[in-house]
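The values are calculated or read from the model by the stated rules, or taken from the named source; none is laboratory data. Quick caveat, the model's predicted, so the values are computed rather than measured. Every residue, glycine as well, gets a Cβ built from its backbone with ideal geometry; the counts of neighbours run over all protein chains shown.
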Amino acid sequence: MNIILLGPPGAGKGTQARLLVEERKMVQLSTGDMLRDAQKSGTEMGKRVAEVMARGDLVTDEIVIGLIEEQLTTSSGKGFIFDGFPRTLAQADALEALLTKVGKSLSAVIEMRVDDEALVERITARSTCASCGEVYNDNTKPIPEDGKCSNCGATEFKRRADDNEDSLKTRLMEYYKKTSPLIGYYYAKGKLRPVDGMGSLAEVRHEIEIQLN
Ligand code: AMP
C-alpha cells in the first residue's frame with residue numbers, strides 16, 4: 001500500500017506518518033526531512049534550498065522529484081507514505097510516472113483537514129525532540145517537566161527555523177495556491193480520502209485506519 005498524506009503545514013502529516021511507520025512498518029518519505037538533512041550535511045543542494053525553505057517558499061520541482069526518485073529506487077518496506085510530497089501538479093504527475101516505473105501504484109490520498117487558526121497555533125507552539133522527532137506543543141503537549149522526551153528520554157529539543165508566523169504565512173499561501181489543487185486532482189482520480197484532522201492524535205489515527213481498510 002502506497003499513500004500520500006496531503007494537508008497544509010501543521011495538519012499533522014509528520015506525526016501520523018510516524019505512527020503508520022511504527023504500526024504498519026511502512027516507509028515514510030518526507031521531502032521536508034530530506035531537504036533539512038541536505039541542509040545539515042552542507043551539500044551544494046542543501047545550501048541552495050536553505051533560504052527558500054526559511055522564507056516558506058517551495059523548493060523547485062526538479063530537486064524534490066530527484067530526491068523522491070532516489071528513495072523510491074533504493075528503499076523497501078511495506079509501502080510508502082509520501083509526507084509533504086507531492087506539493088504541485090507537476091510533482092503529482094512525476095510521482096505517478098515514477099511509481100509506474102518501479103512497478104507500484106498509489107492506493108489512497110489521505111487529505112487531512114484542519115482549520116487555519118489551528119494551524120497557526122500548532123506551528124508557532126511546536127517543538128520536537130532532537131533525537132527521535134517526537135512532536136510537542138507548548139499549550140497542548142508541553143515538554144515533560146523533567147526535561148526528558150516522553151518517547152526516548154533524550155533531553156534536547158528543537159524548533160524549526162520556518163515555524164514562525166512570517167514563514168507560516170508564505171507556507172500557507174503556497175499551500176493554497178500550488179498544493180490545494182491536488183485535492184481536486186486526486187478526487188477526480190478516485191483516490192481522495194478526507195479525514196478530520198482536528199481530533200486527538202488517536203482519533204485522527206483511527207480515522208486514517210478506517211480509510212485505509
Ligand atoms: P515540510 O517539512 O513538509 O513542512 O517542508 C518544509 C519546507 O521544505 C517547505 O516549506 C518547502 O520549502 C520545502 N519542501 C518540502 N517538501 C517540498 C515539496 N514537495 N516541494 C517543494 N518544496 C518542498
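Residues of the stretch 9-42 that are more than 30 Å from I210 (Cα to Cα) and either buried (at least 19 other Cβ atoms within 10 Å of the Cβ) or within 15 Å of the ligand (Cβ to nearest atom) (or both): L35, R36, D37, A38, Q39, K40.
Which of the residues belonging to the stretch 160-199 are assigned to a helix (DSSP H, G or I), farther than 20 Å from A90 by Cβ and of a type outside the set (D, E)?
S167, L168, K169, L172, listed by residue number.
When every residue of the stretch 138-149 is checked against the conditions, none turns out to be surrounded by 12 or more Cβ atoms within 10 Å (Cβ to Cβ) and within 18 Å of M1 (Cα to Cα).
If only one of T88, T60 is hydroxyl-bearing (S, T, Y), surrounded by 16 or more Cβ atoms within 10 Å (Cβ to Cβ), within 14 Å of the ligand (Cβ to nearest atom) and under 20 Å from L182 (Cβ atoms), which one is it?
Criteria check complete, one pass: T88.
Quick grid of which residues meet (1) of a type outside the set (A, V, I, L, M, F, W, C); (2) under 29 Å from G199 (Cα atoms):
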{"site": "I68", "(1), (2)": "no, no"}
{"site": "I81", "(1), (2)": "no, yes"}
{"site": "L89", "(1), (2)": "no, yes"}
{"site": "T100", "(1), (2)": "yes, no"}
{"site": "E111", "(1), (2)": "yes, yes"}
{"site": "D116", "(1), (2)": "yes, yes"}
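Being part of a helix (DSSP H, G or I), aliphatic (A, V, I, L, M) and within 19 Å of M1 (Cβ to Cβ) is a condition met by no residue of the stretch 100-120.
D116 passes every criterion in (1) surrounded by fewer than 18 Cβ atoms within 10 Å (Cβ to Cβ); (2) modelled with pLDDT of 95 or more; (3) closer than 23 Å to Y186 by Cβ apart from (2). Filtering L67, L72 for residues that are away from the ligand (no atom under 12 Å from the Cβ), of a type in the set (A, V, I, L, M) and surrounded by 12 or more Cβ atoms within 10 Å (Cβ to Cβ) leaves a single hit, L72.
Taking the conditions (1) outside any helix (DSSP H, G or I); (2) exposed (fewer than 12 other Cβ atoms within 10 Å of the Cβ) in turn, A202 satisfies each one other than (1). Restricted to helices (runs of 4 or more DSSP H) entirely inside the stretch 8-91, those with at least 2 residues that are without any contact (Cβ under 8 Å) to a residue 60 or more places away in the chain and among the aliphatic types (A, V, I, L, M) are 31-40, 44-55, 61-74. Per this entry, K169 is not counted among residues that are free of Cβ contacts under 8 Å to residues at least 40 places away in the same chain, basic (K, R) and within 16 Å of the ligand (Cβ to nearest atom).
Taking the stretch 102-113 as the range and being touching a helix residue (DSSP H, G or I) at 6+ places or on another chain (Cβ under 8 Å) and exposed (fewer than 14 other Cβ atoms within 10 Å of the Cβ) as the test, the residues that pass are V102, S105.
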